[in-house]
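The values are calculated or read from the model by the stated rules, or taken from the named source; none is laboratory data. The shown structure was predicted, so the numbers you read here are calculated from the model rather than taken from an experiment. All Cβ positions, even for glycine, are placed from backbone atoms using ideal geometry, and neighbour counts span all protein chains on display. For the accessible areas, the whole protein counts, side chains as well, though only heavy atoms, and no ligand, DNA or RNA atoms are used. Shrake-Rupley method; radii C 1.70, N 1.55, O 1.52, S 1.80 Å.
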Amino acid sequence: MNCSISGEVPEEPVVSTKSGHVFERRLIERYVSDYGKCPVSGEPLTMDDVLPVKMGKIVKPRPLQAASIPGLLSIFQNEWDSLMLSNFALEQQLHTARQELSHALYQHDAACRVIARLKKERDEARSLLALAERQIPMTASSDIAVNAPAMSNGRKASLDEEPGYAGKKMRPGISASIIAEITDCNLALSQQRKKRQIPSTLAPVEDLERYTQLSSYPLHKTGKPGITSLDICHSKDIIATGGIDTSAVLFDRSSGQIMSTLSGHSKKVTSVNFDAQGDMVLTGSADKTVRIWQGSEDGSYNCRHILKDHTAEVQAITVHATNNYFATASLDNTWCFYEFSTGLCLTQVEGASGSEGYTSAAFHPDGLILGTGTSNADVKIWDVKTQANVTTFSGHTGAITAISFSENGYFLATAAQDGVKLWDLRKLKNFRTFSAYDKDTGTNSVEFDHSGCYLGLAGSDIRVYQVASVKSEWNCVKTFPDLSGTGKVTCVKFGPDSKYIAVGSMDHNLRIFGLPSEDGAMES
């Protein structure tokens, strides 16, 4: 019994009720679905007209090739040849796939290099474009730097005109490489701090108790008296002062001579800062600008950049621990993070709505956080990497006039109308308050010395405290009277190893306090 279609013995035989022919079920099903008729008689046919045939299990006859040993060997040889050909084809496919994968990886690597190069070129182009739009370096001549019109934001600006900008600008942001640099600096300084020891050359408490005024230098104009800020370059023993007379003065303490007078601001200078080496000076002013001054071999300083990113009075400048960046704080309720070498504003961070602006600022010694004081008595701590406000200290009365971090990084001192508060940065709480003066006399300045052993504050006089722990008492070592006669001391700074204390007041004199034997001269 053979299939009428294939002529072979069917595995699942069925019979047509119309023609009586036998078929293989799978073959007749396909034929009927395609043509709808019997393949032999041509009559119409459906699967309902087909009946299965019951029969015993069919054993197919062995092929002739398998009926003898030579035939079996031939079959095995054919199978082996087929297997070898299949294996060869697979090896060729594998080789081709490897080549394609290698080519794809090479293209991916090349694309990554091109993308990295394009990103670098893009960042450089953005920096150059922003720099070209906002600042044009001044000429090397100090006379031109002082008297010639400056270039800013692609236009000429008179020294007497009101600086500023219309609308916000796009900032390149703090890049991943800068964040890595800041993080590495933090790790290095943290490791050094663990091994820190108090220098043997530090002035002892017994010496500070004997300090008196050694000298007084009239650095600023008498027509507009008042020193608003000062800074000391410890490596060169140079003092910078900013005055209400719109100028900043660089004073060589060892020789007692004025090195340079920085003129160019149209309103009072509110902040002065050296870089670590003393080669550059930053000045901020009530005229809303910040100026970068570059030192030269002859000791003079020339204006390199005029930064006009703020729309209100610049109140504070602070230099980062890397010495490559600095931040400014303004009454326009923003703080800016700048690159020192180019004067480029990398980011400008605006405070919460309702704030009345920033009045002081300082970087933590490790450089990862920035502290800012506001005019509404709050102290805000910022994460430099993310520019996020991580915590806020409240409790003062009046604007925050000054803030200072201790060298060990544990304490923060803040000054306001109601005195000085000390904050424990590990527990984020206030642990001590110095109400040094009456309610009508505010504290204008507070400063830790470079070793973190002394704290100076200034109001109607100057007071020096010995730094202790959170639970121990901070003793007042020395109180210096205000010899200016104005009743308002505006700024205080410790010299190298606290060998002297520099003080600015609302008169035009810089005063130096120290041991009488050190300079060999008394008050001048």
Exercise for the section: Please name which of ASN2, VAL464, THR433 has its Cα lying farthest along the dipole of the chain towards the positive end, using unit charges on Cβ (Lys, Arg +1; Asp, Glu -1) and the Cα centre as origin. Expected result: ASN2
Exercise for the section: Specify whether the C-alpha gyration tensor of the stretch 202-514 places it in the rounded, prolate or oblate class, a ≥ b ≥ c being the square roots of the eigenvalues: rounded for a/c under 1.5, otherwise prolate if a/b is larger than b/c and oblate if not. Expected result: rounded
Exercise for the section: Among DSSP beta bridges whose residues both lie in the stretch 202-514, state the antiparallel percentage, nearest 5. Expected result: 100
Handout entry: Area of MET259 that stays accessible when all protein chains are in place (1.4 Å probe, Å², to 10)
Key = 70
Exercise for the section: Determine the shape class of the chain: with a ≥ b ≥ c the square roots of the Cα gyration tensor eigenvalues, call it rounded for a/c under 1.5, and otherwise prolate if a/b is greater than b/c, oblate otherwise. Expected result: prolate
Problem - Student exercise, the chain dipole from Lys, Arg, Asp, Glu Cβ charges, in Debye to nearest 20 - result: 780
Handout entry: Electrostatic dipole magnitude of the stretch 202-514 [Cβ: Lys, Arg +1; Asp, Glu -1; Cα centre; debye, to 20]
Key = 320
Problem - Separation of the ASN323 and LEU187 label points, Cα + 7 Å toward Cβ, nm - result: 2.1
Practice task
Of the listed pairs LYS308/LYS439; LYS195/LYS288; LYS236/LYS429; LYS169/LYS385; LYS221/LYS421, which have alpha-carbon separations greater than 31 Å here?
Solution key: LYS308/LYS439; LYS195/LYS288; LYS236/LYS429; LYS221/LYS421
Fill in the blank from the handout: Partner aspartates and glutamates whose C-alpha sits under 16 Å from that of LYS471, ignoring same-chain residues fewer than 8 away, are ASP424
Exercise for the section: In whole angstrom, note down how far apart the Cα centers of the stretch 107-123 and the stretch 446-485 are. Expected result: 55
Problem - Sites GLU206 and GLU350, calculated FRET efficiency, Cβ-Cβ separation with R0 60 Å, nearest 0.05 - result: 0.75
Handout entry: Exposed GluC sites (Glu not before Pro) absent - longest run of the chain, DSSP non-H/G/I/E/B, at most 15 other C-beta within 10 Å
Key = 12-160
Practice task
Under a cut-off of 20 Å between alpha-carbon atoms, report the aspartates and glutamates in cross-link reach of LYS18, not counting same-chain residues fewer than 8 places apart.
Solution key: GLU29, ASP34, GLU43, ASP48, ASP49
Fill in the blank from the handout: Along the dipole axis of the chain (charges at Cβ: +1 for Lys and Arg, -1 for Asp and Glu; origin at the Cα centre), the most positive-end residue among GLY343, SER254, GLN294 is GLY343
Practice task
Please give the contour-minus-distance gain from HIS103 to SER68: 0.36 nm per residue of separation, less the Cα-Cα distance, rounded to one decimal in nm.
Solution key: 7.3 nm
Exercise for the section: Answer with one residue from THR443, SER484, LEU101: the one whose Cα lies farthest towards the positive end of the charge dipole of the chain, charges on Cβ with Lys, Arg +1 and Asp, Glu -1. Expected result: LEU101
Problem - At most 15 other Cβ within 10 Å, DSSP loop - trypsin sites (Lys or Arg not before Pro), the stretch 452-481 - result: LYS471
Handout entry: DSSP-assigned coil residues among trypsin sites (Lys or Arg not before Pro) in the stretch 1-102, each with at most 10 further Cβ atoms within 10 Å
Key = LYS54, LYS57
